[in-house]
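Everything on this sheet refers to the single structure shown next.
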Amino acid sequence: MSQKNEWPLWEIFVRGQHGLAHRHVGSLHAADAEMALNNARDVYTRRNEGLSIWCVPAAAITASAPSEKGPLFEPSNSKVYRHPTFYDIPKEIGNM
Amino acid sequence: MYAQMVKATGKGVKTREQMDENERHFQDRIDNDIKIEAKDWMPEGYRKTLKRQISQHAHSEIVGQLPEGNWITRAPTLERKTILLAKVQDEAGHGLYLYCAAETLGISRDEMTEQLLSGKAKYSSIFNYPTLTWADMGAIGWLVDGAAIMNQVPLQYCSYGPYARAMVRICKEESFHQRQGFDIMNVLAKGSEAQKAMAQDALNRWWWPALMMFGPSDADSVHSAQSFAWNIKQNSNDELRQKFVDQTVPQAEFLGLNVPDSDLKWNDKKNGYDFGAINWDEFFAVIAGDGPCNKERLGARQKAWNDGAWFREALIVNAEKRAACKQAAE
Ligand SMILES: [Fe+2]
Ligand SMILES: [Fe+2]
């Protein structure tokens, strides 16, 4: 069982019928892109879950590192004024 | 369960004082229901235990296709055949979701396959029993998938993100499995005397192995205590088994079938059924490789892997060739 012959890993994204963006659903192994697409159809859309599939070689994904969580995401924590709830709208105005 | 013999590593659960800073931070996240993801720091024991648990679970899904696959070509109607085919295909999918989840922990698919084929890895004891009649398709869907659901529903909320997400997909698909099984039993139980006898015979043979699926009592096990603390196990084996019995006995009564246990009796005090002693010698023998079909099951997996070798290699060569052609054309 030679390790080097293992088919590469692909990450699979599926867009459903309700107009939402493609969503990561899982991964699978396939020899090439065409096979990845065929397998993705069988593995991840057996119940009408999607109208479109993206297959991305797992090796091609650049991911943020967990250790950078602080520097990357903390700055947005302090910017409460970016949320609509930061502002008090007078009652007389009603919904805004 | 589908992973019956997972022993968490480590000697009991550490107190907060015994933990180092990483471990404390990790435990805090689990206690606050924040999912652990593949690239996050985790204790070696957590990684090792999960690799074992998830791969055992995956192997069970894959080997679990064999007993039912046995009846696809002999299903009584075309409709039953398409249903069974879809069910078995789902189980293949479950195996694949779970292998991928295990891979995120740093074990390769080939390594897992190797562990299964060499007999080193375990899979659920239940799949080492033979499927002798069509009624066994009913009993398996109703009892085996029913028992699996009991264990898989809480796992949707376990601490490891990739495992939890795989369980969400799986649970969505399982309820069809149990219902189609019950439906087979229901039709047989309402059929001719011979059909009813066939359903009863299947229940007789599958009842005790189904109860064994939950594994031996683990209320006092240190391994379980660790798995509870890590939130990769949420209920004791006995707790789930009791729940299964309480849920299933009334269903058997509805079918007009007898549960093969003379000690089975409703207990008002505990608001559940008392039931007879399980033959754990049989369970340990089956897990160790001495069940009625262990050799056959592993043999079938080995044959599939070996017979497919040329195909896997050819596809890789073909992919490389096409990539080279494409590059040359650019
Ligand atoms: Fe399954
Ligand atoms: Fe199932």
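The values are calculated or read from the model by the stated rules, or taken from the named source; none is laboratory data. Because the structure is a prediction, the values reported are computed rather than measured. As a convention, Cβ positions derive from the backbone with ideal geometry for all residues, glycine included, and neighbour counts pool all protein chains shown. Areas reflect the complete protein model, heavy atoms only, side chains present, ligands, DNA and RNA absent. Shrake-Rupley method; radii C 1.70, N 1.55, O 1.52, S 1.80 Å.
Here are some notes:
- Test for residue B:4: is it within 16 Å of ligand 1 (Cβ to nearest atom), modelled with pLDDT of 95 or more and not hydroxyl-bearing (Ser, Thr, Tyr): no
- Selection count where residues are open to solvent by 10 Å² or more (accessible area, probe 1.4 Å) and either of a type in the set (Phe, Trp, Tyr) or away from ligand 1 (no atom under 11 Å from the Cβ) (or both), scope segment B:176-190: 10
- The single residue among B:166, B:92, B:86 that is within 14 Å of another protein chain (Cβ to nearest Cβ), crowded, with 24+ Cβ neighbours inside 10 Å and either on the phi > 0 side of the Ramachandran plot or within 16 Å of ligand 1 (Cβ to nearest atom) (or both) turns out to be B:166.
- Hits in segment B:188-219 - residues which are touching a residue at least 24 places away in the same chain (Cβ under 8 Å) and aliphatic (A, V, I, L, M): B:188, B:189, B:198, B:199, B:202, B:203, B:210, B:211, B:212, B:213
- For segment B:130-167, the tally of residues that are more than 16 Å from ligand 2 (Cβ to nearest atom), over 20 Å from residue B:100 (Cβ atoms) and over 14 Å from the mean Cα position of the chain (by Cα) stands at 5.
- Candidates B:29, B:16, B:52: the one that is open to solvent by less than 70 Å² (accessible area, probe 1.4 Å) and not small (Gly, Ala, Ser) is B:29.
- Subset tally (residues that are within 14 Å of chain A (Cβ to nearest Cβ), loosely packed, with under 14 Cβ neighbours inside 10 Å and not aliphatic (A, V, I, L, M)) for segment B:273-306: 1
- Residues satisfying the stated conditions in segment B:36-63, i.e. closer than 21 Å to residue B:154 by Cα and not in a helix (DSSP H, G or I): B:36, B:37, B:38
- Every residue from segment B:113-163 that is of a type in the set (Ser, Thr, Tyr) and either open to solvent by 30 Å² or more (accessible area, probe 1.4 Å) or in a loop (DSSP other than H, G, I, E, B) (or both): B:118, B:123, B:124, B:129, B:131, B:133, B:157, B:159
- The one condition from (1) more than 16 Å from ligand 1 (Cβ to nearest atom); (2) within 21 Å of the chain's Cα centre (by Cα); (3) not β-branched (Val, Ile, Thr) that residue B:58 does not meet is (1).
- Residue B:33 being away from every other protein chain (no Cβ under 14 Å) and not in a helix (DSSP H, G or I): yes
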